[in-house]
1. Which of the helices (runs of 4 or more DSSP H) contained wholly in the chain include at least 2 residues that are surrounded by 10 or more Cβ atoms within 10 Å (Cβ to Cβ) and more than 24 Å from the chain's Cα centre (by Cα)?
2. Does any residue of the range 48-71 turn out to be within 20 Å of Thr2 (Cβ to Cβ) and modelled with pLDDT of 85 or more?
Amino acid sequence: MTIRKNFVFDEEIAEHLKEIAKRDGTTQTEIVRNLIEEKYQEISVQEKLEALHRIAGSANGLFVGKSVQSIKAEMDV
């Protein structure tokens, strides 16, 4: 499903958009769509990195003084 959106640009920005689309051989809509998707991907990656940093180190100290063999022995493996 597509949704129509109306944007208001300064004349200079509108001309830049027109020139970019012409140079790239695509539509102005495609230029805006690609820029939005690129920005959204940046935000998504940043959010994931922030979440990773929040949980990083949360398991530190769980296995202090234990070896793989001792853990296996405790698990009866």
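1. It comes to 11-24, 68-75.
2. First, the residues of the range 48-71 that are within 20 Å of Thr2 (Cβ to Cβ): none.
Scanning the range 48-71 turns up no residue that is within 20 Å of Thr2 (Cβ to Cβ) and modelled with pLDDT of 85 or more.
The values are calculated or read from the model by the stated rules, or taken from the named source; none is laboratory data. Given the structure is predicted, the values throughout are model-derived calculations rather than measurements. Quick reminder, even Gly has a Cβ in these numbers, built from the backbone with ideal geometry, and neighbours come from all protein chains shown.
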